[in-house]
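Peer 1: Quick one: the structure is below, and I'll ask about it shortly.
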Amino acid sequence: MSNTAKEAARWALSKVGCMYSQAKRTHENIFDCSSLVARAYSAQGKKWKYGGSVPISMYEVYDDEFELLWPRTYAEIGKILGGSSVINLAKQRGDLQFVCTDSNTNRSNKITHVTMVASDSKIVHARSTKYGVRTDSISLYSGKICAVTRYNPACDLRIGMCGRRALELQKALNANGAGITADGEFGSNTRDAVLTYQKSQGLQQTGIADTELLKRLHLIESGQNEQSNLQNSQYVQVVGDSVNLRVGPGTEYASVGNVHKGDQLRKIDTDGWTVVAGKEHPCWISNRYIALQEKR
């Protein structure tokens with residue numbers, strides 16, 4: 001668990017009882033939901049770029065120092081709302097839940113609220129003018145989760161991310177002839193530039209700026225943050241011939257599909273069973289049928 005994330009959660013908890021106000025969201029000891037999150041991390045030295053120095057929740061989800069734990073891609077955010085199985089993916093202090101509290105919102109990603117995990121059973125958030133900053137059950141918004149993220153400034157960069165790291169990636173790609181706009185938004189042009197660079201370097205062409213690509217562009221040093229990156233971006237490879245993906249950690253849970261020998265899945269958690277990113281929601285797979293490996 002990141003010490004920065006833990007300290008951000010501690011800072012947010014210290015604001016329990018403070019007033020809620022959108023109009024005064026940057027005033028001392030006054031918050032709305034997104035300013036509580038942004039200012040908690042800013043107090044630990046994090047600098048926000050996309051959406052301003054104190055962004056709102058619909059922008060915070062794309063910040064490139066946070067790893068998207070669910071759904072699989074940024075394009076899928078808001079398409080399906082997650083329940084308890086999604087909440088269980090993000091129970092470390094400092095993890096963020098992005099929530100749809102207004103079914104009539106016109107925001108494309110449906111995000112209208114953000115909370116921070118304070119413990120494995122509680123969230124801390126600036127809830128409303130009625131409640132102010134308070135703690136609630138971590139499952140308060142079950143069935144309304146748009147996305148969950150975890151602070152990890154060493155995570156892979158991918159399409160949909162925005163921020164300081166994406167900007168530095170674009171600049172480095174341009175120094176190698178890419179000719180893309182350096183705006184800090186990892187869009188299709190940046191992905192195509194990553195693919196071109198991967199091809200030129202004899203790397204697997206994924207369009208994702210992983211540790212190896214970032215090293216070659218001198219954006220991280222060899223060994224820098226590698227343990228953090230491995231812990232947060234580890235993959236598993238299926239070794240059973242045809243294996244069930246289940247909605248819970250046991251054979252008594254329903255199967256939601258199958259994977260096959262050689263398939264590669266992103267690992268999220270492990271305890272006898274492993275949670276992997278399924279097509280529409282997280283699924284469980286028995287550890288007997290997988291082998292840990294780094295991303296190809």
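Each row is one residue, and each column tells you yes or no for (1) among the basic types (Lys, Arg); (2) within 19 Å of the chain's Cα centre (by Cα).
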site	(1), (2)
Asn3	no, yes
Arg25	yes, no
Ser34	no, yes
Lys49	yes, yes
Leu69	no, yes
Ile77	no, yes
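Peer 1: Going by the structure shown, is Ser103 surrounded by fewer than 22 Cβ atoms within 10 Å (Cβ to Cβ), modelled with pLDDT under 95 and in a loop (DSSP other than H, G, I, E, B)?
Peer 2: Against the criterion (surrounded by fewer than 22 Cβ atoms within 10 Å (Cβ to Cβ), modelled with pLDDT under 95 and in a loop (DSSP other than H, G, I, E, B)), Ser103 qualifies.
Peer 1: Does Ala118 satisfy the condition of being open to solvent by less than 20 Å² (accessible area, probe 1.4 Å) and either within 25 Å of Gly17 (Cα to Cα) or at pLDDT below 95 (or both)?
Peer 2: Here the answer is yes, as Ala118 does meet what is asked.
Peer 1: Scan the stretch 4-34 residue by residue and report those that are touching an Asp or Glu at 6+ places or on another chain (Cβ under 8 Å) and surrounded by 19 or more Cβ atoms within 10 Å (Cβ to Cβ).
Peer 2: Ala5, Tyr20, Arg25, Ser34
Peer 1: Out of (1) under 21 Å from Gly17 (Cβ atoms); (2) outside any strand (DSSP E or B); (3) open to solvent by less than 50 Å² (accessible area, probe 1.4 Å), the odd one out for Gly78 is which?
Peer 2: Looking at each condition in turn, Gly78 falls short on (1).
Peer 1: Among all residue pairs at least 6 apart or on different chains, which show Cβ distances below 9 Å where the first residue, located in the stretch 131-148, is open to solvent by less than 20 Å² (accessible area, probe 1.4 Å) and the second is part of a strand (DSSP E or B) and modelled with pLDDT under 95?
Peer 2: Correct list of pairs: empty, since none qualify.
Peer 1: Same structure, new question: Sort through Gly51, Gly45, Gly94 and tell me the only one that's at pLDDT below 95 and touching a Phe, Trp or Tyr at 6+ places or on another chain (Cβ under 7 Å).
Peer 2: Exactly one residue qualifies, and that residue is Gly51.
Peer 1: Going through Tyr50, Tyr41 one at a time, which residue ends up being under 22 Å from Met161 (Cα atoms), among the aromatic types (Phe, Trp, Tyr) and assigned to a loop (DSSP other than H, G, I, E, B)?
Peer 2: After ruling out the rest, the residue left standing is Tyr50.
Peer 1: Are any residues in the stretch 52-67 farther than 17 Å from Lys144 by Cβ and either within 15 Å of the chain's Cα centre (by Cα) or without any contact (Cβ under 8 Å) to a residue 12 or more places away in the chain (or both), and if so, which ones?
Peer 2: Gly52, Tyr59, Tyr62, Asp63, Asp64, Glu65, Phe66, Glu67
Peer 1: Follow-up question, since we're still on this one. Right, Tyr50: in contact with a Lys or Arg (Cβ under 8 Å, 6 or more places away or on another chain) and surrounded by fewer than 23 Cβ atoms within 10 Å (Cβ to Cβ) or not?
Peer 2: In short, no.
Peer 1: With the condition kept exactly as written, say whether any residue in the stretch 60-71 is buried (at least 24 other Cβ atoms within 10 Å of the Cβ), modelled with pLDDT of 95 or more and more than 29 Å from Ala209 (Cα to Cα).
Peer 2: No - not one qualifying residue is present in the stretch 60-71.
Peer 1: Residues in the stretch 173-195 that are surrounded by 16 or more Cβ atoms within 10 Å (Cβ to Cβ) and part of a helix (DSSP H, G or I): how many?
Peer 2: 6
Peer 1: Just one of the numbered conditions (1) part of a strand (DSSP E or B); (2) out of contact with any Phe, Trp or Tyr (no Cβ under 7 Å at 6 or more places or on another chain) is not true of Thr149; which one?
Peer 2: (2)
Rundown of residues vs (1) open to solvent by less than 50 Å² (accessible area, probe 1.4 Å); (2) part of a strand (DSSP E or B); (3) modelled with pLDDT under 55, yes/no style:
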| position | (1), (2), (3) |
| --- | --- |
| Glu212 | no, no, no |
| Leu219 | no, no, no |
| Gly223 | yes, no, yes |
| Gln227 | no, no, yes |
| Leu230 | no, no, yes |
| Val236 | yes, yes, no |
| Leu245 | yes, yes, no |
| Gly248 | yes, no, no |
| Thr251 | no, no, no |
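The values are calculated or read from the model by the stated rules, or taken from the named source; none is laboratory data. This is a predicted model, so every value here is computed, not measured. Please note: Cβ atoms are built from the backbone with ideal geometry, for glycine as well, and neighbour counts cover all protein chains shown. Heads up: the accessible areas ignore ligands, DNA and RNA and are worked out on the full protein's heavy atoms, side chains in. Shrake-Rupley method; radii C 1.70, N 1.55, O 1.52, S 1.80 Å.
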